[in-house]
Amino acid sequence: RRKKAKAIAPTTNGIFRMDETPERCFGNKERQAEILSHQPTTNGFLKATFLPKLRERKTEKLSAIETKLMERDFYNSLSQLAENYQIQTKPTKHLEYPYNIALALDDVEYQLKNKVEDWEDVRLIKTEEKIYLISKEHYDTSSTLYYIPIIPLYRLSKNPKRKPATELLKSVYSYMYHIAQIPCYRDQNSYLYWMYEMIRDWIVSDDENEDTPTYLSELKQAEIIGELMAKKIFSNQNLNRFKERLYAFQSKDKFDNDCFLLASKIFELYRDYPNENIYRNTQSWSNIEEDEGYSSLSMDKYISFCAEYKGWLFQTLFENVNMEFQEYASTEEPTIIKKFDGSDLTNINLDYEKRIFRLIEELIDLLNNS
């Protein structure tokens with residue numbers, strides 16, 4: 001039986017955002033009655049600085065030797081973290097355990113939150129050998145569907161005046177498929193292939209709908225054009241000629257210029273990261289912790305090539321994708337988890353992810369406005 005979809009989430013600049021339920025607290029408009037003290041009081045407490053309160057938790061009792069070893073490991077790890085992020089930590093060694101560690105962690109979290117753009121969390125890990133800090137940085141995809149349409153490029157290819165732009169965009173699509181490894185909805189092992197097939201099954205089983213022939217026709221068009229364009233734009237020849245087409249391109253109007261600027265930025269990304277793909281930093285806290293008892297939305301489900309970004313077919317696809325995504329407890333996103341356990345740290349960041357996700361959004365907008 002066909003599921004009844006919820007209301008469609010609003011779009012921003014042609015990019016579809018998945019449904020989210022914000023939680024807000026609304027205050028009472030009526031003001032409370034003022035209560036005054038019966039005698040004058042000083043407000044000196046406003047000038048005081050209060051240290052963070054320790055969380056009340058059950059902790060194992062440690063001997064003096066174990067406490068010293070824990071403090072030693074912690075401050076060694078803290079020193080490595082401070083050097084990596086180039087921050088000056090607050091002196092806390094003179095305080096007693098465990099308050100010295102709690103205060104140091106509070107100080108580190110405050111500094112990283114205000115200094116590191118993509119920083120999200122820091123945790124203290126304890127193993128049988130030692131304790132150490134781990135830090136998490138991640139790129140926020142903002143519940144966005146990164147679905148790149150193929151049919152608009154097909155329509156563009158039918159316009160003789162847009163042939164140079166079409167050839168350049170074929171190289172862009174080829175990079176997205178071969179290097180960035182974005183799946184296509186005509187790949188039988190892709191998530192959107194299964195979604196389009198499911199929509200087809202629903203339509204065929206709904207004999208009472210008078211619009212069924214129209215819907216089937218739109219699906220057939222998506223399949224035929226998808227197969228045709230996939231053979232062309234995903235050819236390695238388009239990727240190999242990327243640089244040649246870019247240097248030979250001559251803009252004639254604003255659309256041509258937009259194509260050239262976008263292709264230039266993508267080619268620069270390709271040159272800077274010739275062997276990197278969009279999944280290179282896909283991981284989560286579950287890779288570090290033992291608790292993996294929850295489902296996570298994988299990146300290949302919200303990043304893909306699709307048929308069209310308009311019309312009945314995409315609206316149906318979007319509604320059902322949105323409903324399914326709400327069942328996941330978390331979402332896979334580009335994430336870096338650094339272990340400050342004394343081992344050498346790899347020099348890795350989220351620069352590639354920041355650039356490619358923004359370029360995908362620009363590409364979707366360009367094709368939708370072509």
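Accessible surface of the range 93-147, 1.4 Å probe: 46 percent of it comes from carbon and sulfur atoms. A dipole drawn for the range 70-134 from +1 and -1 charges on Cβ atoms has a positive end, and of Tyr99, Gln86, Trp119 the residue lying farthest that way is Tyr99.
The Cβ shell under 9 Å around Arg186 holds other residues with a net charge of -3, Lys and Arg each +1, Asp and Glu each -1. Full extension of the chain segment joining Glu327 with Asn240 gains 27.2 nm, where the gain is 0.36 nm per residue of separation less the Cα-Cα distance.
Annotation: amide H-H contacts under 5 Å for Ile148 (H modelled 1.01 Å from N, sequence separation of 5 or more, or interchain): Ser304, Phe305, Cys306. Annotation: peptides 116-123, 146-153, ranked by per-residue average of other Cβ atoms within 10 Å with the highest first, follow the order 146-153, 116-123.
Please go through the residue pairs Lys130/Lys339; Lys68/Lys90; Lys301/Lys339; Lys115/Lys136; Lys163/Lys254; Lys220/Lys310 and name each one whose alpha carbons sit more than 21 Å apart in this structure. Violating the 21 Å Cα-Cα cut-off are Lys301/Lys339. A crude spin-label estimate for the pair Lys113 and Ser79, with each label 7 Å from Cα along the Cβ direction, gives 2.8 nm. Within the accessible surface of the range 223-370, defined with a 1.4 Å probe on protein heavy atoms only, the carbon and sulfur portion equals 44 percent. Along the positive direction of the dipole of the range 172-225 (beta-carbon charges: Lys, Arg +1; Asp, Glu -1; about the Cα centre), which of Thr214, Gln181, Met198 reaches farthest? The residue sitting most towards the positive pole is Gln181.
The values are calculated or read from the model by the stated rules, or taken from the named source; none is laboratory data. Quick caveat, the model's predicted, so the values are computed rather than measured. Please note: Cβ atoms are built from the backbone with ideal geometry, for glycine as well, and neighbour counts cover all protein chains shown. With ligands, DNA and RNA removed, areas are computed over all heavy atoms of the protein, side chains included. Shrake-Rupley method; radii C 1.70, N 1.55, O 1.52, S 1.80 Å.
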